[in-house]
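Values in this text are rule-based calculations from the coordinates and carry no lab data. Being a predicted model, the structure only gives us computed values, none of them experimental. Neighbour counts are summed over all protein chains in view; Cβ atoms, including those assigned to glycine, are modelled from backbone coordinates with ideal geometry.
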């Protein structure tokens, strides 16, 4: 075992921790902020795309499928880098926050669309038929009968995805987003001590571990119904 | 004559629920013994204790001269000598019928592939399914699957066969095929302990019948004695409920 | 329009950097080929331990391990292993650090997939196998695990694809995989085209696999 004070002094140095705590907290806020933004826009966009696809028009469905395939085949970091260097050349300069948020939203939207679509396909055709036969319009039937069931089926696989994609906010550090990993790296080289890195790790655990545990019970509950 | 299978003072509890409250039972070589009784009487539990799929809380089981309940028992060795046929067949879906039967021959008895396949084919032939050797369970009817299950159990040449409600999961038209295989096994001298709801079969084919209720053996005797001249009140009321054919 | 082509789809630059990028692709491929089997084997071992163990503490400890690494961003893990190691006096060579971080991370995902697969195999299968005298290990090896793998094959493929994508993170610690090659090339030619080329190569590699995954999932849903 490494000399007791040695390990603690290096990775859990209280003095260093105190010094950089404000910066770490700020960085964590950015992480959480981007994360929440990504979840909201990503799932909404995915839902919209799945509904659009269910219209049944090929001209609409094909681009959506292409989008979903491309966004699921590219590493998120590549998407971030492409947008980060690419958008300015197109005359659209975006901040690191915006680029990270946009990239991850697009990736999540792709997975969300596929999950909801799979959910829509899994609902028996008879459901829509029954709804329409009682005079409900297409949109009413979607809203009250099909979508609730489709979304219910989509949630379990999606909870896992949401967590793994929002963890990718750490990738924003690569394009200098001032989220917690970036802040911690800077602090670590500044202080010559890895305690800030440890603090960032702990910050991530505090944010995501409850989500992972919650996702287990969400999955269980939604799978049963 | 030493019994092939002897159960003494068998007790089994799940937590605070006592399912078996002291069961005594024996089977002699070549006998077909049927165990009947209402659901929840503990018949399946008792059967599954015999090859230690369930662990008895108390009691002694001796099979083929080996004490199954001994703490130092080599259970894998013992299980080669006791065959089991399941209500849900439990065939391996990813293996052909032939490989289902041959697996234990190869891995447990260490036989070569050709030797194992030969023995497996013989077992399948005995149950009338040699033609289906290369089929997968999903391609077979329920009755055929159960017969493969029987072939799998007899391929190891056990001294006793345990049947856990072998026909309960079958459609009525397929039940006879399986019962015929069982009658044939009986003719060849196999020792069999059968938990069943097939009253007609038990009445006609069994040497002895055991009636269980509430975790104990209530009555036992020859098939004729139990079915035609039951002594206990509980036996009488059980049999009266199911005067014709199948019980539930 | 011309600007877009100049900046993103500059064929001259593509031709210029392609050999360099292909080397990067090769690194991506062998890194994936290293991590996938290791992660998979570790995940299977973990899932079997949970499935077969009757010890509450063991199961709990393993669930904690899995959830821990599911909650931990792989990039953070990599940075921690890579930069934190020297502080402990442990000098890990780059590839080992990356491989370690990746295996720790994805063994937990593999464990989850295998856990679901094992749970999907009916208990009667183990009973039938044991009733013919097979040992627990034999029963797992010939009867239970093959069925578990078959049940979750699409998820295993999906995990494999995720790992190939994950290798792009190694670019941060200057492992010369595809993304790193692209970024290095970009700074050499002052043009973002190499990045686009990397994206195209990733698509060429992974899009067909993603489609294959889709049809595997479709087939499973049918069965």
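Pairs, please: C-beta under 6 Å, at least 6 apart or cross-chain, first residue free of Cβ contacts under 8 Å to residues at least 12 places away in the same chain and in segment C:53-67, second outside any helix (DSSP H, G or I) and surrounded by fewer than 16 Cβ atoms within 10 Å (Cβ to Cβ)?
C:59/C:53
Within segment B:155-185, take every residue that is farther than 13 Å from residue B:86 by Cα, within 14 Å of chain C (Cβ to nearest Cβ) and touching a residue at least 24 places away in the same chain (Cβ under 8 Å) and give me the one that is surrounded by the most Cβ atoms within 10 Å (Cβ to Cβ).
Among them, the one singled out is B:155.
Looking at segment B:129-140, can you tell me whether even one residue there is touching a strand residue (DSSP E or B) at 6+ places or on another chain (Cβ under 6 Å) and buried (at least 16 other Cβ atoms within 10 Å of the Cβ)?
no
Considering (1) within 11 Å of chain C (Cβ to nearest Cβ); (2) under 30 Å from residue A:55 (Cβ atoms); (3) more than 22 Å from the chain's Cα centre (by Cα), say which one residue A:193 fails and leave the rest.
(2) is the only condition that residue A:193 fails.
Among all residue pairs at least 6 apart or on different chains, which show Cβ distances below 9 Å where the first residue, located in segment C:2-14, is within 11 Å of chain A (Cβ to nearest Cβ) and the second is outside any helix (DSSP H, G or I) and buried (at least 18 other Cβ atoms within 10 Å of the Cβ)?
Within 9 Å, the pairs are C:6/C:191; C:7/C:191; C:7/C:192; C:8/C:191; C:8/C:192.
Consider residue A:201 against the criteria (1) assigned to a helix (DSSP H, G or I); (2) over 23 Å from residue C:109 (Cα atoms); (3) over 18 Å from the mean Cα position of the chain (by Cα); (4) facing another protein chain (nearest Cβ under 9 Å): it satisfies all of them except one. Which criterion is unmet?
(2)
Determine whether residue C:55 is more than 10 Å from every other protein chain (Cβ to nearest Cβ), surrounded by fewer than 17 Cβ atoms within 10 Å (Cβ to Cβ) and more than 30 Å from residue A:8 (Cβ to Cβ).
yes
Applying the selection to segment C:189-202, what residues are in a helix (DSSP H, G or I), farther than 22 Å from residue C:75 by Cβ and either without any contact (Cβ under 8 Å) to a residue 40 or more places away in the chain or at the interface with another protein chain (Cβ under 9 Å from one of its Cβ atoms) (or both)?
Matches in segment C:189-202: C:196, C:200.
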